[in-house]
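Each reported figure results from applying straightforward, stated rules to the coordinates on display, with no laboratory input. These numbers come from a predicted model, not from an experiment. Glycine gets a Cβ as well: all are built from the backbone with ideal geometry, and neighbour counts include every protein chain shown.
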């Protein structure tokens with residue numbers, strides 16, 4: 001069996017880098033072969049799994065500097081049928097890629113809005129007068145660079161290598177401790193991770209809406225987990241899209257959904273929520289060494 | 001005295017529309033005259049106030065569909081010295097602006113990422129094959145349209161009128177109940193709102209970090225407000241930018257900071273937080289009728 005893995009393209013994005021790591025890890029731990037398939041947006045990557053075009057998607061969830069990737073959360077809530085298999089944490093090091101020979105020549109800088117935000121102090125210091133132009137991914141603007149010597153793009157070192165483009169500056173992110181967490185998602189009935197992994201799930205992610213916006217409505221859900229000493233590692237609110245001031249709450253909890261304390265917590269939680277969706281239990285794999293940086297697809 | 005109000009430009013953005021409303025409201029209720037000053041980003045609008053270039057800034061905080069404007073929250077936390085004077089709620093109705101004579105001619109659609117996200121279903125249905133290009137504001141791409149008949153931009157009806165450009169489709173946002181909340185901010189020592197307003201503040205906004213990520217660490221801050229029957233109308237987490245999994249919490253609470261119950265809540269809260277910043281108390285003004293749609297500056 002060969003699996004297809006959807007990710008934000010074109011090739012060379014951080015999402016592809018995480019997907020390459022996962023593909024190698026999958027081959028090593030299970031012997032399962034996989035191919036990568038780039039999509040033009042995060043939403044389309046997730047929809048590809050829901051429609052059965054691919055078996056898996058690797059999507060960014062959260063960056064340590066810029067926070068949640070809201071597109072991922074909103075799409076997961078809407079699609080309803082996807083489960084998280086694994087989380088991956090990728091260290092992020094941005095480089096400035098350009099065919100210019102010095103910073104003085106650069107007039108425009110392209111990148112994904114999250115990458116631009118992660119380098120805003122550096123840009124303000126070294127390129128204070130350039131025009132900043134957002135793009136759909138870090139790699140989308142790379143093909144412009146050979147035609148326009150006054151243009152630069154912010155992407156990974158791996159992207160510069162893949163597209164054979166010169167790097168003008170490295171480590172330009174404002175905070176050195178920059179990393180992004182990705183989720184590997186599949187359809188609910190697909191069991192991809194090796195059996196030994198599914199017994200060591202350390203995290204459970206879920207989301208819910210509350211029936212009414214009353215004082216203290218959120219206290220009870222938090223107490224349910226606190227009383228059982230289940231740590232809440234992330235809480236995020238998203239609009240219900242019905243009216244301003246109505247929210248969904250997304251939580252990451254440090255326990256397996258099949259553990260007795262989590263089972264009892266989830267049973268109690270469901271009595272307070274309007275809609276409760278559990279996106280699955282999984283473990284977290286740090287991406288420390290990338291053995292292969294070649295393009296796979 | 002003439003006040004200067006910073007907002008995201010170029011003229012015709014929703015932020016300018018909110019600023020025009022505020023300018024008129026200020027003239028009517030206090031007799032104070034003001035002028036508008038556009039800035040290329042939300043962060044620069046807020047920095048203009050911190051540096052004293054303008055006395056006020058009108059910045060978006062939250063959209064009912066796309067959620068928080070993280071740039072506003074992160075900049076307010078960093079600048080430290082700004083206070084919220086008033087909140088404004090603006091109904092959002094997006095239009096498709098283009099010199100094309102039919103939808104079939106359009107090949108590219110430009111807009112701010114929030115506006116693009118708010119129209120994604122409409123775009124998928126009526127313009128499924130076009131290239132979507134993010135821009136720094138809804139109005140930034142408008143000057144391109146007269147040169148390129150295959151280009152369109154998503155912006156307000158007011159923007160089409162200001163730039164004298166044709167509207168190809170109206171009400172294209174996926175959810176009709178679309179509105180954006182703005183904050184009017186000033187330096188802490190500036191008292192701009194009329195006295196009668198400052199006695200009817202209904203909301204207080206604050207943010208804090210917690211000393212340790214322990215199970216239940218967030219329960220206590222929520223309980224402090226729940227016990228006093230102070231409704232929490234919004235909670236949002238943002239990364240501390242130190243490491244993945246460390247957060248700041250932003251809260252909007254339905255009480256004046258000078259009320260006895262809020263004073264006692266804030267005193268107790270400060271014993272649990274690491275850093276606590278109070279962004280001020282204010283009331284909410286819905287923008288229902290816009291008497292003047294002319295450009296002011």
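Some points to look at:
- Model label points for residue A:27 and residue B:246, set 7 angstrom from Cα along the Cα-to-Cβ axis, are 3.8 nm apart.
- Shielding of peptide B:250-257 by partners, expressed as the average count of other chain Cβ atoms within 10 Å per residue Cβ, is 1.
- Placing a label point 7 Å from Cα along the Cα-to-Cβ direction at residue B:166 gives distances to the equivalent points in the other copies of 4.6 nm, listed shortest first.
- Taking the centroid of alpha carbons for each part, segment B:218-242 and segment A:1-56 are 37 Å apart.
- Each eigenvalue of the Cα gyration tensor of segment A:207-262, multiplied by 5 and square-rooted, gives one semi-axis; in descending order these are 23, 12, 9 Å.
- Relative packing of A:29-41, B:119-131, B:17-29, which averages over residues the other C-beta atoms within 10 Å, highest first: B:17-29, A:29-41, B:119-131
- Relative to the longest principal axis of the Cα atoms of chain B, helix B:14-30 runs at roughly 60 degrees.
- 7 Å along Cα→Cβ, label-point gaps from residue B:93 to other copies, nm, shortest first: 5.3
- Across segment B:94-170, C-alpha contacts under 8 Å between residues 6 or more apart give a mean separation that, scaled by the residue count, equals a relative contact order of 53 percent.
- Label zone of residue B:149 (point 7 Å out along Cα→Cβ, amide N under 20 Å): in segment B:96-121 this covers B:96-110.
- Here the peptides B:154-163, B:4-13, A:47-56 are ranked by packing, the mean other Cβ count within 10 Å, and the order with the highest first is B:4-13, B:154-163, A:47-56.
- Spatial extent of segment A:1-91: Rg and Dmax, with the Cα atoms as the point set, Å: 12.5, 38
- Inter-label distance, residue B:51 to residue B:227: 4.5 nm, where each label sits 7 Å from its Cα along the C-beta direction.
- Inter-chain Cβ neighbour average for residues B:169-178, partner chain, 10 Å: 1
- With a cut-off of 20 Å on the backbone N, the residues of segment B:48-67 near the modelled label site 7 Å out from residue B:202 along Cα-Cβ are B:59-65.
- Inter-copy spacing of residue A:246 label points, which lie 7 Å from Cα along Cα→Cβ, given in nm from shortest upward: 3.8
- Its relative contact order, with pairs defined as Cα atoms under 8 Å and 6+ residues apart, puts segment A:200-283 at 51 percent.
- Calculated SAXS-style log₁₀ I(q)/I(0) at q = 0.11, 0.15 Å⁻¹ - chain B, Debye, Cα scatterers: -0.70, -1.15
- Overall shape of segment A:61-172 was characterised from the C-alpha gyration tensor. The equivalent ellipsoid obtained from it has semi-axes of 29, 14, 13 Å, in decreasing order.
- Length-normalised contact order of chain A in % [C-alpha pairs under 8 Å, at least 6 apart]: 23 percent
- For the protein assembly as shown, the normalised intensity computed at q = 0.09 Å⁻¹ comes to -0.73 (log10 of I(q)/I(0), Debye sum over alpha carbons, equal scatterers, no solvent).
- Projected label distance in nm at residue A:41 and residue A:188, using a 7 Å step from Cα toward the beta-carbon: 2.5 nm
- Helix B:260-269 axis, angle to chain B major axis (alpha carbon atoms, nearest 10°): 90 degrees
- Kirkwood hydrodynamic radius (C-alpha pairs) into Stokes-Einstein, segment B:128-284, 10 °C and 1.306 mPa s, D in µm²/s: 81 µm²/s
- Taking the axis that rotates chain B onto chain A, the chain B residue nearest to it by Cβ, with the distance rounded to whole Å, is B:134, 2.
- Computed from the C-beta positions of residue A:129 and residue B:126, the FRET efficiency with R₀ = 51 Å rounds to 0.85.
- Inter-chain Cβ neighbour average for residues B:57-66, partner chain, 10 Å: 3
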